[in-house]
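Enquirer: What follows is a single structure, and I will ask about it in a moment.
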Amino acid sequence: MVKLGDKVFHLSTQAAGLMGKVDTDNGGCPCDSPSNKLLQANAAVLVDGSEVLLDLQQANYLNSNGIVTVLNLMGGFSLWGNQTACFPSNTDVKDYFISVSRMFGWVANSVILTYWSKIDKRLDRRLIDNIADSLNIWLNGLVSEEKLLGGRVEFRESENSQVALMAGKAVFHIFMTPASPAQEIEFVLEYDVEYTSALFAG
């Protein structure tokens, strides 16, 4: 739990609010992780109100077990962790990274809302091309906005049998790659003796 003044909040409540703010900052798209962003809190607490202060090693240990927590390291209490609770038993990136999983849900919901009006239209070539073309334009827009690394839709013959098409059932296959959050950034420092030649430069 976290505390702001005299008010105590479940961390999930603050996390939900933070996700909403991060999404709003990205035009309503959940392409960014809420991790390492400031919460509205000035303490991390247990249910009994006693304060908890985790160091980076402790917080990362919790993260490695699929537990999002709180870290006060760089000027305030931040949400800390990118993994959902399915991690580490599930290592499918679309399931275990919060932002990637949310992007899949957001794209799925957007597609349903956008193409619901196409249900019960004639299933002909024009409808198939219209859906595929407009979806590809939308996905290309998300790529140009850097909300996806890449995306495309295909209407595959192998996924659309004659029996299914006669029954009015069409399958569009969406391929997409949201960017993973930068979990670790490592810098290697090396003393380069060659630069001592600068001592002789005039």
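The values are calculated or read from the model by the stated rules, or taken from the named source; none is laboratory data. These numbers come from a predicted model, not from an experiment. Here the Cβ is made from the backbone with ideal geometry for all residues, glycine too, and neighbour counts use every protein chain on show. What goes into the accessible areas is simple: the full protein's heavy atoms, side chains included, and nothing from ligands, DNA or RNA. Shrake-Rupley method; radii C 1.70, N 1.55, O 1.52, S 1.80 Å.
Enquirer: Could you grab me the full set of residues in region 141-181 that are in a helix (DSSP H, G or I) and either over 16 Å from C31 (Cα atoms) or over 31 Å from the mean Cα position of the chain (by Cα) (or both)?
Expert: Within region 141-181, E157, S158, E159, Q162, V163, A164, L165, M166 qualify.
Enquirer: Which count do you get for residues in region 75-126 that are in a loop (DSSP other than H, G, I, E, B), open to solvent by 80 Å² or more (accessible area, probe 1.4 Å), aliphatic (A, V, I, L, M) and under 20 Å from I174 (Cβ atoms)? Walk me through it before giving the result.
Expert: At the first step, the residues of region 75-126 found to be in a loop (DSSP other than H, G, I, E, B) are 75-76, 81-82, 84-92, 119-124.
This time we only want the ones that are open to solvent by 80 Å² or more (accessible area, probe 1.4 Å), so: 85, 89, 91, 119-122.
Those still in the list that are aliphatic (A, V, I, L, M) too: 85, 119.
Those still in the list that are under 20 Å from I174 (Cβ atoms) too: 119.
The number of residues fulfilling the criteria is 1.
Enquirer: Could you say whether any residue in region 50-62 is over 30 Å from A132 (Cα atoms) and among the charged types (D, E, K, R)?
Expert: yes
Enquirer: Go through region 153-181 residue by residue and tally those that are surrounded by 13 or more Cβ atoms within 10 Å (Cβ to Cβ) and charged (D, E, K, R).
Expert: Summing the residues that are surrounded by 13 or more Cβ atoms within 10 Å (Cβ to Cβ) and charged (D, E, K, R) in region 153-181 gives 1.
Enquirer: Still on this structure: Say we look at region 98-110 and pick out the residues that are in contact with a helix residue (DSSP H, G or I) (Cβ under 7 Å, 6 or more places away or on another chain) and touching a residue at least 40 places away in the same chain (Cβ under 8 Å); which of these is nearest to E154 (Cα to Cα)?
Expert: Applying the filter and picking the extreme gives F104.
Enquirer: Taking interchain pairs and intrachain pairs at least six residues apart, which have beta carbon atoms under 7 angstrom, with the first residue in region 160-185 and without any contact (Cβ under 8 Å) to a residue 12 or more places away in the chain and the second open to solvent by less than 50 Å² (accessible area, probe 1.4 Å)?
Expert: N160/A170
Condition check ((1) under 18 Å from N109 (Cβ atoms); (2) touching a Phe, Trp or Tyr at 6+ places or on another chain (Cβ under 9 Å)) across all residues:
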{"residue": "R125", "(1), (2)": "no, no"}
{"residue": "D129", "(1), (2)": "no, yes"}
{"residue": "A132", "(1), (2)": "no, yes"}
{"residue": "L142", "(1), (2)": "yes, no"}
{"residue": "E146", "(1), (2)": "no, no"}
{"residue": "G151", "(1), (2)": "yes, yes"}
{"residue": "F155", "(1), (2)": "no, yes"}
{"residue": "S158", "(1), (2)": "no, no"}
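Enquirer: Also, quick follow-up: From L148, L113, grab the single residue that is at pLDDT 95 or above and in contact with a Leu (Cβ under 8 Å, 6 or more places away or on another chain).
Expert: Working: L113 fails: in contact with a Leu (Cβ under 8 Å, 6 or more places away or on another chain).
Result: L148 is the single residue among L148, L113 that is at pLDDT 95 or above and in contact with a Leu (Cβ under 8 Å, 6 or more places away or on another chain).
Enquirer: Looking at E194, E184, can you tell me which residue is part of a loop (DSSP other than H, G, I, E, B), open to solvent by 60 Å² or more (accessible area, probe 1.4 Å) and on the phi < 0 side of the Ramachandran plot?
Expert: Unique residue meeting the criteria: E184.
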